[in-house]
Each structure stands twice: as structure tokens, then as C-alpha cells.
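The values are calculated or read from the model by the stated rules, or taken from the named source; none is laboratory data. None of these values were measured; they are calculated from a predicted model. Cβ atoms come from the backbone with ideal geometry, glycine included; neighbour counts cover every protein chain shown. Heads up: the accessible areas ignore ligands, DNA and RNA and are worked out on the full protein's heavy atoms, side chains in. Shrake-Rupley method; radii C 1.70, N 1.55, O 1.52, S 1.80 Å.
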Amino acid sequence: LRSELLTTGPLVEKFENVLASYFGNQNIVVCNNGTSALFLAAKALGVSANDVVIVPSQTFLATANAPHLLGAEVVFSDVDPDTGLLRADDLRNAVQLARKRFPSKTLRAVFVVQLNGQVAYMPDIWDLAKEQGFFVIEDACHALGASTKFDQKSILTKVGGCEFSDAATFSFHPVKNITTGEGGAIAFHEAKYASLATLYRNHGM
């Protein structure tokens with residue numbers, strides 16, 4: 001508010017650099033809110049009207065609305081009734097349902113919601129997605145700052161590092177644990193998708 005620019009400008013890049021340092025991931029794109037982050041991640045990864053995506057049944061509307069705005073069909077998956085998190089077995093069943101319901105469409109992505117700071121068991125989800133040929137997008141709008149060890153021998157994995165996902169999205173809405181008033185961010189596994197999202201967030205400029 002005290003700077004010369006209320007939008008874009010050098011503070012945006014500075015914020016991206018801070019997030020990159022925290023996540024240990026240099027492929028960071030910030031945007032105006034968490035919904036835009038979901039939309040930009042999906043668009044950068046090529047989600048379109050030719051596709052179907054999988055979304056957990058326990059989430060906020062934006063998780064499904066973002067790919068739907070790109071024309072994709074949405075199939076909802078069951079979740080763990082105790083945690084609300086997507087499991088690999090839930091995903092496997094949803095994959096079968098998606099391909100049965102929409103045989104002419106490409107299964108493009110699964111959106112894994114990291115709910116209430118909890119983290120789904122990502123290695124199994126990642127392995128299944130790579131085996132079946134679709135992207136993994138983490139809706140981590142509830143999980144900024146979350147980290148976990150997926151087994152006793154593994155190192156601590158931060159949500160946003162994208163070790164087991166193609167993208168992770170974040171929100172800085174006032175109800176989140178850290179807020180910028182409004183705001184969102186995307187961490188990408190690969191730099192080429194971050195470059196696309198950077199173009200898309202401001203009309204290709």
C-alpha cells in the first residue's frame with residue numbers, strides 16, 4: 001500500500017522469490033487469488049473441453065469450478081471418511097468411473113485437496129497418476145506451511161515443493177492462515193508450466 005504500484009511491480013517478484021526460497025522450488029507464480037491459481041495451474045497443464053478431471057468430494061467449490069471453466073468434465077471421488085483426504089484407492093475407483101462415464105475424453109488431471117493442513121499420501125497418488133498418464137495438481141489452499149514425512153526413512157517434504165505433484169496451489173484469502181487481503185500462488189514441478197502460467201495471469205503480456 002505504501003509503494004507506487006498497487007498491483008504487479010517488483011514486490012510481486014520479491015514475494016515469488018520468498019515463496020521459492022521457502023518451498024525449495026524456483027517455479028513459483030503468484031496471482032490475484034486461490035481460484036485463479038487453480039485455474040492457471042489447470043490451463044498451464046493443458047486442461048480443456050476435451051478432458052475430464054477428478055476432484056475429491058470434500059472440498060470448496062473452486063476446486064471443481066476452475067477446470068470446469070476451462071470446459072472439462074468433473075468426476076468426484078470418494079475420500080477417507082476420517083480425514084476427508086483423497087487416497088490412492090479412492091483415486092483408482094474414480095479413474096475407472098471417469099473413463100466409463102466419459103470414454104471419448106482424456107483423463108487429464110486429479111486435484112488433490114490438502115484439507116485443513118493435512119497432507120494426503122502423495123507418493124501412491126503420484127505413482128498411479130504417472131502410470132495412468134495424467135497430471136497431479138495439489139489444491140493446497142488450506143496447507144500453506146504444511147510438511148510431512150511419507151515414511152520413517154524419508155526426509156521432510158514441504159507442500160509446494162512439488163516432489164509428488166505437477167503443481168500446488170495456494171490462497172492468501174482472509175480466512176487462510178496467512179493473508180495478503182487477496183492473493184494466490186502456484187508452485188510447479190517444471191519451469192515450462194510456470195512460464196505459461198506467468199503469461200496467462202496477465203493476458204499474455
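The relative contact order of the chain, computed from alpha carbon pairs under 8 Å that lie at least 6 residues apart in sequence, is 24 percent. Helix 122-132 sits at what angle to the longest principal axis of the chain, using alpha carbons and giving 0 to 90 degrees rounded to 10? The two axes meet at around 60 degrees.
Across the alpha-carbon set of segment 66-115, the Rg to Rh ratio works out to 0.98, Rh being the Kirkwood radius.
Taking the DSSP beta bridges with both ends in segment 131-205, the antiparallel portion is around 70 percent. Peptide packing for 166-174, 87-95 was compared via the average number of neighbouring C-beta atoms within 10 Å per residue; ordered from the highest value, the list is 166-174, 87-95. Among the protein heavy atoms of segment 66-205, carbon and sulfur supply 50% of the accessible surface, probe 1.4 Å, non-protein parts ignored. Listed by chain and number, the lysines whose alpha-carbon sits under 24 Å from that of Lys105, ignoring those within fewer than 8 places in the same chain, are Lys43, Lys130.
Taking the longest Cα principal axis of the chain as reference, the axis of helix 10-23 is set at about 50 degrees. What angle do you read, to the nearest 10 degrees and between 0 and 90, between the alpha-carbon axis of helix 88-101 and the longest principal axis of the chain? For 88-101 against the chain, the angle is about 80 degrees.
Of the three principal axes defined by the Cα atoms of the chain, the extents in descending order read 54, 41, 29 Å.
For segment 122-169 versus segment 58-104, the spacing of their alpha-carbon centroids is 17 Å. Computed extension length for Asn50-Val175: 41.6 nm, one decimal, from 0.36 nm per residue of separation with the Cα-Cα distance subtracted. Where both bridge residues fall in the chain, DSSP classifies roughly 40% of the beta bridges as antiparallel.
Each residue, Leu199 and Glu13, gets one label point 7 Å from its Cα in the Cβ direction; the gap between the two is 2.0 nm. A Förster radius of 35 Å, combined with the Cβ-Cβ distance separating Asn32 from Ser147, puts the computed FRET efficiency at roughly 0.85.
Each stretch of four or more DSSP H residues adds -39500 (n - 2.57); spread over every residue of the chain, this sum gives -10500 deg cm²/dmol at 222 nm. Each peptide among 77-86, 183-192, 35-44, 56-65 gets the average number of other Cβ atoms lying within 10 Å of its residues, and from highest to lowest they stand as 35-44, 183-192, 56-65, 77-86. Placing unit charges on each Cβ (+1 for Lys and Arg, -1 for Asp and Glu) gives the chain a dipole about its Cα centre, and among Ala41, Val75, Phe111 the Cα reaching farthest toward its positive end belongs to Ala41. Residue separation of Val74 and Asp89 scaled by 0.36 nm, minus their Cα-Cα distance, works out to 3.6 nm of gained length. Per the Debye formula with a single identical scatterer at each Cα and no solvent contribution, what log10 I(q)/I(0) holds for segment 91-205 at q = 0.10, 0.12, 0.15, 0.23 Å⁻¹? Values, matching the q order: -0.35, -0.50, -0.75, -1.29. Across segment 85-137, the mean sequence separation of Cα contacts (distance under 8 Å, 6 or more residues apart), normalised by length, yields a relative contact order of 47 percent.
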